[in-house]
1. So, in the stretch 107-131, exactly how many residues are more than 8 Å from ligand 1 (Cβ to nearest atom) and basic (Lys, Arg)?
2. Give the residues of the stretch 12-22 that are open to solvent by 10 Å² or more (accessible area, probe 1.4 Å) and either more than 16 Å from ligand 1 (Cβ to nearest atom) or within 17 Å of ILE89 (Cα to Cα) (or both), sorted by residue number.
3. Test each condition in (1) more than 16 Å from ligand 2 (Cβ to nearest atom); (2) assigned to a strand (DSSP E or B); (3) touching a helix residue (DSSP H, G or I) at 6+ places or on another chain (Cβ under 9 Å); (4) open to solvent by less than 20 Å² (accessible area, probe 1.4 Å) for SER8 and report the one that comes out false.
4. Among the numbered criteria (1) closer than 11 Å to LEU7 by Cβ; (2) within 16 Å of ligand 2 (Cβ to nearest atom); (3) of a type in the set (Gly, Ala, Ser), which one does ALA108 miss?
5. Does ARG104 satisfy the condition of being of a type in the set (Lys, Arg), closer than 25 Å to PHE59 by Cβ and within 13 Å of ligand 1 (Cβ to nearest atom)?
6. One residue is enough: does the stretch 81-99 have a residue meeting the conditions of a type outside the set (S, T, N, Q), under 14 Å from the mean Cα position of the chain (by Cα) and more than 22 Å from ARG127 (Cβ to Cβ)?
7. Would you list the helices (runs of 4 or more DSSP H) that sit entirely within the stretch 23-141 and hold 2 or more residues that are touching a strand residue (DSSP E or B) at 6+ places or on another chain (Cβ under 6 Å) and either touching a residue at least 24 places away in the same chain (Cβ under 8 Å) or open to solvent by 50 Å² or more (accessible area, probe 1.4 Å) (or both)?
8. Return a yes/no flag: does the stretch 29-38 have any residue that is within 19 Å of PRO95 (Cβ to Cβ) and within 13 Å of ligand 1 (Cβ to nearest atom).
Amino acid sequence: MAVERTLSMIKPDGVSRDIIGEVLSFFEKGGLKIVAMKMLRLTKQQAEEFYIVHKGKPFYDELTDYMSSGPIVALVLEGEDAIAKCRKIMGATDPAEADEGTIRKTFALSKGENTVHGSDSPESAAREIAFFFSELEICPR
Ligand code: IDP
Ligand code: MG
C-alpha cells in the first residue's frame, strides 16, 4: 500500500442539507486527511467535462443537471490506499446497496443524489484533482 490522493466531492444534496461537517467526519474518522478543500458551483458545461467518461450513458444529462444545480465541496483526501479507502467509506453508488455505516447508506437520497463522489482509479484521481486544484492549493501534512 502506498500513500495516495483521491478527489472527493460533497454533492449538492449534501451541501443543501447542511451535512458537510458530518460527511467530512466520516472521511477523517476513516483515516483520510483533508489536504485541499473548496466550495464552488459547477456550470452545466463544467459538470459535463468532469463526468466526460459517462457521456452517452442514460443518466449523463440528469447527472450533469444535478451536479450543476447548487454548490458542491471539492476535497483532496490523502492517506494509505486513499482511493479504495474513500470508496469504502462512501459505500455503493445506490444507497439501497450500500453497507451499513457508509456515507451513502447514512445520507444518500437516491442513486443519483448520493451525497458524495470519489475517484475510481489512480488515473481518474490525477485527472479529477487537477480539474479542481493546482499543486499550490494542496497541503500535504
Ligand atoms: P460512483 O459515483 O459510485 O463512482 P458512477 O457509476 O461513476 O458511480 O456514476 C457517477 C454518478 O452518476 C453516481 O454517483 C450517481 O450520482 C450517478 N448515477 C450513476 N448511475 C445512475 C443511475 O442509474 N441513475 C441516476 N444516476 C446515476
Ligand atoms: Mg465513478
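1. The qualifying residues number 1.
2. ASP18, ILE19, ILE20, GLY21, GLU22
3. That leaves (1) as the condition not met.
4. (1)
5. Judged against the criteria, ARG104 is a match.
6. Within the stretch 81-99, one or more residues are of a type outside the set (S, T, N, Q), under 14 Å from the mean Cα position of the chain (by Cα) and more than 22 Å from ARG127 (Cβ to Cβ).
7. Details: elements: 44-50, 60-67, 82-90, 103-107, 122-132.
In the stretch 23-141, the matching helices (runs of 4 or more DSSP H) lie at 82-90, 122-132.
8. So the first thing to find is which residues in the stretch 29-38 are within 19 Å of PRO95 (Cβ to Cβ), and the list is 30.
Subsequent filtering for residues that are within 13 Å of ligand 1 (Cβ to nearest atom) retains none.
For the stretch 29-38, residues within 19 Å of PRO95 (Cβ to Cβ) and within 13 Å of ligand 1 (Cβ to nearest atom): absent.
The values are calculated or read from the model by the stated rules, or taken from the named source; none is laboratory data. What you see is a predicted model, and the numbers here were worked out from it, not measured in a lab. As a convention, Cβ positions derive from the backbone with ideal geometry for all residues, glycine included, and neighbour counts pool all protein chains shown. With ligands, DNA and RNA removed, areas are computed over all heavy atoms of the protein, side chains included. Shrake-Rupley method; radii C 1.70, N 1.55, O 1.52, S 1.80 Å.
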